[in-house]
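Report on the structure given below.
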Amino acid sequence: MLGERCGRKLEKYTPDYVVFDLETTGISPMKDDIIELSAVKVRGGQAVGEFSQLVNPLRPIPRQASMVNGITDGMVADAPPLDAVFGAFLDFIGNDILVGHNIHTFDMKFIYRAAGDFYGRILDNDYIDTLPLSRSCLPGLSHHRLTDLAEYYHIPTDGAHRALNDCHMNRLVFEAIGKELRGAGRTLRLCPRCGQTLKRRSGRYGAFWGCSGFPACRYTEH
């Protein structure tokens, strides 16, 4: 949960995980703040628990952010600040693998900042970002936003851009991608050792397939 280094970015399906999502005052992990923090615990592919909390950023929410997520200053006026919420979030996620959409470049950075600010340590949970996973699995799609993937898999998009709704949507998307990875018609090659995706790489002696989990997993194929 909290350690000295960031967790690994994985590219595989797992049936047990926590999918999470944030809504924020803007796109900068260093300057903007979390205003909603939600997560869904999943066991065997099924949702078994929820965490969701509005957060008071202790400053006005920009109009542009409210236009995207629908969260206003009035909605968070009586909500607790992040330092009163973050510990409960950490307790909820435990040591589970985290799943989310575009979390590698966005959500994880907000979480790392909060862990550093409040505990002086880093969140060391491994995580799976469904954005690059979907790009590898569904290269024919022109767009890979969460709502695009939901529409592709015929998953309802009602309430998109609120954190808890996006968590439930993302769970269904991840389960759909997981079926493709496990099925006979999968579009990705998987590492027989750890289950992560194999990447086509170029080396000193020519092209080869290497595990995306390198350096933890050094499996290769020619």
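A short reminder: the numbers here are calculations on the coordinates, not readings from a lab. Bear in mind the structure is a predicted one, so any value in this text is a computation, not a measurement. All Cβ positions, glycine included, derive from the backbone under ideal geometry; neighbour counts span all protein chains shown.
List, in order, the whole-Hz ³J(HN,Hα) value for each residue of the stretch 79-88 obtained from phi through the Karplus relation with A = 6.51, B = -1.76, C = 1.60 and θ = phi - 60°; use x for Gly and Pro.
The phi angles translate into 7, x, x, 4, 5, 8, 10, 5, x, 5 Hz.
Using θ = phi - 60° and the Karplus curve 6.51 cos²θ - 1.76 cosθ + 1.60, what whole-Hz ³J(HN,Hα) does each residue of the stretch 95-103 get, with Gly and Pro shown as x?
Those phi angles translate into 9, 5, 5, 9, 10, x, 9, 6, 6 Hz.
Hey, what number do you get for the chain at 222 nm if only DSSP H runs of n ≥ 4 count, each worth -39500 (n - 2.57), divided across all residues, to the nearest 500?
-8500 deg cm²/dmol
Could you check which residue among Arg135, Arg201, Arg189 shows the biggest mean-square fluctuation in a GNM of the chain with a 10 Å Cα cutoff?
Ranking Arg135, Arg201, Arg189 by mean-square fluctuation puts Arg201 first.
Which percentage, to the nearest 5, of the DSSP beta bridges contained in the chain is antiparallel?
For the chain, the DSSP antiparallel bridge percentage is about 80.
Roughly how big is the chain's charge dipole about its Cα centre, with Cβ charges of +1 (Lys, Arg) and -1 (Asp, Glu), in debye to the nearest 20?
1340
For an R0 of 30 angstrom, estimate the FRET efficiency from the Cβ-Cβ distance between Lys179 and Arg59 and round to the nearest 0.05.
0.10
Looking at Gly206, Tyr119, Pro81, which one has the Cα that reaches farthest to the positive end of the dipole of the chain (charges on Cβ: Lys, Arg +1; Asp, Glu -1)?
Most positive-ward Cα: Gly206.
Hey, what do the phi angles of the stretch 189-201 turn into as Karplus ³J(HN,Hα) couplings, whole Hz, using 6.51/-1.76/1.60 and θ = phi - 60°, x for Gly and Pro?
Once θ is set to phi - 60°, the couplings for the stretch 189-201 become 8, 10, 5, x, 8, 10, x, 7, 6, 8, 10, 6, 10 Hz.
As an exercise, use a Förster radius of 41 Å and the Cβ-Cβ distance of Asp16 and Asp73 to find the FRET efficiency, rounded to the nearest 0.05.
0.60
Using Cβ counts within 10 Å as a stand-in for footprinting exposure, how do Val40, Val19, Val85 rank, fewest first?
Going from sparsest to densest Cβ surroundings: Val85, Val40, Val19.
Please list, in chain and number order, the residues 5+ apart from Leu190 or on another chain whose amide H is under 5 Å from its amide H, with Hs placed from the backbone.
It is Leu198, by chain and number.
What do you get for GluC sites (Glu not before Pro) in the stretch 150-181 restricted to DSSP loop and a cutoff of at most 10 other Cβ within 10 Å of the site's Cβ?
Passing both the DSSP loop test and the Cβ count: no residue.
Looking only at Leu98, Leu37, Leu198, which one moves most when the chain is put into a Gaussian network model with springs between Cα atoms under 10 Å?
Evaluated over the chain, the most mobile residue of the options is Leu198.
From the list (i) 61, 42, 42; (ii) 75, 33, 32; (iii) 59, 40, 32, can you say which value of Cα extents along the principal axes in Å was derived from the structure given?
Label (iii) holds the value from this structure.
Would you look at the GNM of the chain, springs on alpha carbons closer than 10 Å, and say which of Val68, Val42, Val99 moves the most?
Largest GNM mean-square fluctuation: Val68.
How many Lys pairs in the chain lie less than 14 angstrom apart by Cα atoms, where the lysines are 8 or more positions apart or on different chains?
Lysine pairs meeting both conditions in the chain amount to 4.
Is the C-alpha gyration tensor of the stretch 130-205 telling us rounded, prolate or oblate? Criteria: a/c under 1.5 is rounded; beyond that, a/b larger than b/c is prolate, otherwise oblate.
Because a/c hits 1.5 or more and a/b exceeds b/c, the stretch 130-205 counts as prolate.
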